[in-house]
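Here the structure is laid out as structure tokens; the discussion comes afterwards.
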Amino acid sequence: MNISRRGLLGAAGGLIAAPAILGASDVRAQGQAQGQGQGQAQGTVTLRMHHFLPAMSNAHTRLIAPWAKKIEAASEGRLRIQIFPSMQLGGTPGQLYDQARDGVVDLVYTLPGYTPGRFPGTEVFELPFLANRASKVNSPAAWEFAEANLGAETQDVKLLCFWCHDGGVIHSTRRVTSLADLKGQRLRFPTRLAGEALKAAGAAPIGMPVTQVAESITQRVLDGAVVPWEVAPSIKLPDLARNHLEIAGNPTFYTASFMVAMNKARYEGLPSELRGILDKHSGLAYSKAGGEVWDQASADVEAAVRKGGRNTISVMPDADKAAWMKACEPVTAQWIDEMKTRKLDGLAMIESAKKLLAKYAG
């Protein structure tokens with residue numbers, strides 16, 4: 001199946017490209033050597049962008065790389081973004097935000113969920129059964145929410161984009177067709193709140209970066225994983241976990257949020273015309289593009305898996321979904337209480353997110 005072959009190549013590329021963890025000064029020196037060569041001598045500005053996904057992933061090929069090309073074209077070559085996938089400059093996914101903050105790199109694409117609790121406001125859209133199944137709804141709503149609510153949490157960087165993927169799917173080595181089938185299953189969870197939701201369903205959630213999923217399933221550490229269809233090929237899930245359980249309708253079980261963050265001093269040091277170009281292609285425009293990419297990529301992957309004929313795709317019964325939503329109510333209540341200890345109005349943030357989701361659901 002072609003999609004599996006792409007996933008294998010993407011995962012292998014990530015393993016080959018990722019070096020041992022480097023210190024901040026080593027990463028900075030390596031990035032400067034690779035990213036500030038002849039282009040800088042010709043008067044261009046080259047920004048180094050770091051992320052954790054393989055270069056064959058949908059996010060890299062359909063969103064991150066095209067974004068960089070748009071900016072280069074709009075600036076007539078004066079502003080270039082050199083991308084380092086698969087953690088090529090060292091460190092772990094959870095360190096990406098700090099790499100941008102500290103100027104180790106200029107730009108990062110990362111998940112706030114890789115540092116649980118550090119960005120409490122970003123977790124609103126990750127609450128169980130709050131988000132929409134469509135990324136094209138979640139993503140612009142998330143950006144508007146970020147503009148209004150995330151300034152304090154991200155004040156040490158320049159936040160260029162914040163968006164969310166489409167509804168997640170439960171992929172398992174065992175047959176899953178109902179809520180009861182989740183009992184005891186060791187499933188990788190992407191965010192702490194998704195983990196709590198799986199626990200409420202009776203599963204045995206295990207947290208880890210998505211890049212470790214394939215090996216963990218192969219070694220029988222995991223029975224499966226919760227991810228959107230879009231990312232499944234890059235971690236070989238269509239081959240390793242051939243049972244897939246979708247949650248129909250809205251709200252959906254979970255989504256995860258993403259951000260593109262830039263070193264603040266680097267951003268402020270750009271010539272004003274280059275800042276303007278970067279701004280024009282970031283923010284709401286980037287969020288909407290992310291939504292379109294995720295929805296289309298997920299649809300393409302699901303269609304390919306169905307066409308392959310080797311996998312079982314089921315839909316959770318409505319009664320089971322209703323029971324799961326009820327079981328997750330304490331998860332949301334506990335989150336609201338946690339926000340109070342941080343002097344944040346969790347209930348107000350939830351209501352704000354719901355209004356924005358309704359706005360973009362049309």
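Of all residues in segment 98-126, count the ones that are under 15 Å from the mean Cα position of the chain (by Cα) and not small (Gly, Ala, Ser). Quick ask: steps written out before the conclusion?
As a first pass, look at segment 98-126 and keep what is under 15 Å from the mean Cα position of the chain (by Cα): 108-116, 119, 122-126.
Then keep just the ones that are not small (Gly, Ala, Ser); that gives 108-112, 114-116, 119, 122-126.
Of the residues in that region, 14 qualify.
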Inset, instruction - Test Ala285 against the stated conditions and say whether it is in a helix (DSSP H, G or I), among the aliphatic types (A, V, I, L, M) and free of Cβ contacts under 8 Å to residues at least 12 places away in the same chain. - result: yes
Inset, instruction - Could you list all residues from segment 213-223 that are surrounded by fewer than 15 Cβ atoms within 10 Å (Cβ to Cβ) and under 19 Å from Arg192 (Cα atoms)? - result: Val221
Legend entry - Condition broken by Met262, with the remaining ones in (1) outside any loop (DSSP other than H, G, I, E, B); (2) touching a Lys or Arg at 6+ places or on another chain (Cβ under 6 Å); (3) without any contact (Cβ under 8 Å) to a residue 60 or more places away in the chain; (4) hydrophobic (A, V, I, L, M, F, W, C) satisfied: (3)
Legend entry - All positions within segment 169-191 that are within 22 Å of the chain's Cα centre (by Cα) and at pLDDT 95 or above: Val169, Ile170, His171, Ser172, Arg186, Leu187, Arg188
Inset, instruction - State whether the residues of segment 313-328 include one that is in a strand (DSSP E or B), in contact (Cβ under 8 Å) with a residue 60 or more places away in the chain and either buried (at least 19 other Cβ atoms within 10 Å of the Cβ) or among the polar types (S, T, N, Q) (or both). - result: yes
Legend entry - Of all residues making up segment 315-328, the number that are under 24 Å from the mean Cα position of the chain (by Cα) and either more than 13 Å from Phe129 (Cβ to Cβ) or acidic (Asp, Glu) (or both): 1
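Given Val331, Val293, Val305, which one is outside any loop (DSSP other than H, G, I, E, B), modelled with pLDDT under 95 and touching a Pro at 6+ places or on another chain (Cβ under 9 Å)? Give the steps one after another, and end with the answer.
Values: Val331 fails: modelled with pLDDT under 95; Val305 fails: modelled with pLDDT under 95.
Only one candidate passes the filter, namely Val293.
Does at least one position in segment 120-134 carry a residue that is over 27 Å from Glu196 (Cβ atoms) and buried (at least 24 other Cβ atoms within 10 Å of the Cβ)?
First pass over segment 120-134, keeping only residues over 27 Å from Glu196 (Cβ atoms): none.
No: zero hits.
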Inset, instruction - Mind telling me which of the residues Ala299, Ala304 ends up being touching a helix residue (DSSP H, G or I) at 6+ places or on another chain (Cβ under 8 Å) and surrounded by fewer than 14 Cβ atoms within 10 Å (Cβ to Cβ)? - result: Ala299
Inset, instruction - With the checklist (1) surrounded by fewer than 19 Cβ atoms within 10 Å (Cβ to Cβ); (2) more than 30 Å from Thr46 (Cβ to Cβ) in hand, flag the one item Asp279 doesn't pass. - result: (2)
Inset, instruction - Can you confirm whether segment 114-133 contains a residue that is out of contact with any Leu (no Cβ under 8 Å at 6 or more places or on another chain) and over 27 Å from Lys340 (Cα atoms)? - result: yes
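The values are calculated or read from the model by the stated rules, or taken from the named source; none is laboratory data. Remember, predicted model here, so these are calculated numbers, not experimental data. Cβ coordinates were reconstructed from backbone atoms using ideal geometry, including for glycine residues, and neighbour counts include every protein chain displayed.
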